[in-house]
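All remarks here apply to the structure that follows.
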């Protein structure tokens, strides 16, 4: 086996596999470089979810002609000069791999100029090779055009997801950077449409409002903590603003976004007993830590952080979130203002002396009176002998009609199935007693119903009295757009509005059309669709049907009627697999008569 040194372009392509995973990776790296360059205005222009074009324009410090060429070399960076600098990293980028990796898998045109230069520089690069360098008039800053991403790596390009999915990831990266710098103006344009146009914000809360809407900004409260180890600031959501998806959960340290399951536990612990099971609160938490007390050089994407005092930070974070929740009221408040309230007179001790006599009328009741004794053919009751006769209204009744039938007891056929505690159905069978779990039976029935609707395109839908408009956010709206046909096949009547809103005109039969229930249902639908993104082809329908079935069961009412119980049994045994839920739990069990006899002996 011969050992050889890899050519530079091959080494860059391998590095690109770690750094440039999809179009959103390019957006992240270029936006972070622009912020590090001191940009005050930053624009991102996308075509075809980044496949055709990713353009990032900033008004930062720009580069000299030599730097414009050198920046595409591997490990070229302006952030690190010595090993000691690794202990105090305060910028986004520092490895010097991003531009070299992007240049290895795309065609790039860079236009840049420093403020001190009279003319700018234009550099064209392809497959890690510089094709041309020219002088060109250009504004101060940098303008990167990344075209035909992965054009020379067909396998990578082939495995990109749909435009909606890829653009959703771009929106996520854009949002993370925009949340770190409220003082910078950001613009995001996709296929000629303005998705975001964020002006410079005077505070973080205004930036959150511009990105995620006033509904989010109105339901968050500030938190703060200042200790020698960490300084914490930001906002946490009210318990009523929790959702079933972790869409708006952000940790930042020294202005850098990071993920941490450990720190997330600190936040979740602070919300204990305040949230329903499975709910997750939104939060925007910013930490300031001494750069020498943490290590950001863990993963190529720089989204993992290692803290020297992570247990201390955990405790400070838990305490600060708990304090923020405890010191703010999220429920309805009582208005004690006397404005527009009626005056209630105050009576003194002598009031009873001047109160006029008021006699309470006496009511007499004839307890022996029976109105039915006056009907045709009725005989006077024994207790009415000697009493005044009741007026005879029979002369006003059509004798041709048998009014006595109105009072006959109706006989309703009763099923042998019997509901118990609203949770079980009991029915006798040849060998014993059949016990069916109502919730599990419903889950199996709904699952097959939804699966049939998707595969056979035969949905049963019910229209809402009034369409429900829901602001879901830019990224979730893209998820709904991606699966709109599938949702229609299930019986959902959903249309898109603007860049961040959906309008629900109808839901599948069996779901509530009450607006609050519809909003909760859409949150569950979003989870199902998001989880289904990673499903293998052909398995997405089963995954979505299973999720929707569990959602439908949660909204079900307790079973009280024997006829309902019988219908449940009939529907369950009409299923292809009546014995188990989609998740493999038993729907029923038979208790033999012998076992019952043993219990009674």
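The values are calculated or read from the model by the stated rules, or taken from the named source; none is laboratory data. Everything quoted here is computed from the prediction, not taken from an experiment. Cβ: placed from backbone, ideal geometry, glycine included. Neighbour counts: every protein chain shown.
A few comments on the model shown:
- Within the option set 97, 126, being modelled with pLDDT under 95, in the same structural domain as residue 66 (by TED's automatic domain parsing) and under 36 Å from the mean Cα position of the chain (by Cα) holds for one residue only, 97.
- Counting the residues of region 560-600 that are under 40 Å from the mean Cα position of the chain (by Cα), within 20 Å of residue 432 (Cα to Cα), in a helix (DSSP H, G or I) and in contact (Cβ under 8 Å) with a residue 60 or more places away in the chain gives 6.
- Selection within region 184-221: residues that are more than 21 Å from the chain's Cα centre (by Cα) and without any contact (Cβ under 8 Å) to a residue 24 or more places away in the chain. The member of this set that is farthest from residue 287 (Cα to Cα) is 192.
- Those residues of region 172-193 which are touching a strand residue (DSSP E or B) at 6+ places or on another chain (Cβ under 7 Å) and within 17 Å of residue 210 (Cβ to Cβ), in sequence order: 174, 176, 178, 179, 180, 184, 185, 186, 187, 188, 189
- Single match in 289, 267, 253 (criterion: over 19 Å from residue 470 (Cα atoms), modelled with pLDDT under 95 and touching a helix residue (DSSP H, G or I) at 6+ places or on another chain (Cβ under 6 Å)): 267
- Here 108, 89, 102 are screened, and the one residue that is within 30 Å of residue 201 (Cβ to Cβ), modelled with pLDDT of 80 or more, buried (at least 19 other Cβ atoms within 10 Å of the Cβ) and touching a helix residue (DSSP H, G or I) at 6+ places or on another chain (Cβ under 8 Å) is 102.
- Residues in region 494-506 include none that are closer than 13 Å to residue 544 by Cα, outside the structural domain of residue 161 (by TED's automatic domain parsing) and surrounded by fewer than 16 Cβ atoms within 10 Å (Cβ to Cβ).
- For region 277-286, taking the residues that are more than 20 Å from residue 204 (Cα to Cα) and touching a helix residue (DSSP H, G or I) at 6+ places or on another chain (Cβ under 9 Å), the one that is surrounded by the fewest Cβ atoms within 10 Å (Cβ to Cβ) is identified as 279.
- Boolean, residue 147 is over 27 Å from residue 208 (Cβ atoms), surrounded by fewer than 18 Cβ atoms within 10 Å (Cβ to Cβ) and either modelled with pLDDT of 95 or more or assigned by TED's automatic domain parsing to the domain that holds residue 499 (or both): yes
- Top-ranked residue of region 52-78 - restricted to ones that are in a loop (DSSP other than H, G, I, E, B) and touching a helix residue (DSSP H, G or I) at 6+ places or on another chain (Cβ under 7 Å), ranked as modelled with the highest pLDDT: 60
- Criterion applied to 512, 469 was being closer than 22 Å to residue 216 by Cα and either out of contact with any helix residue (DSSP H, G or I) (no Cβ under 7 Å at 6 or more places or on another chain) or surrounded by fewer than 16 Cβ atoms within 10 Å (Cβ to Cβ) (or both), and the one residue passing it is 469.
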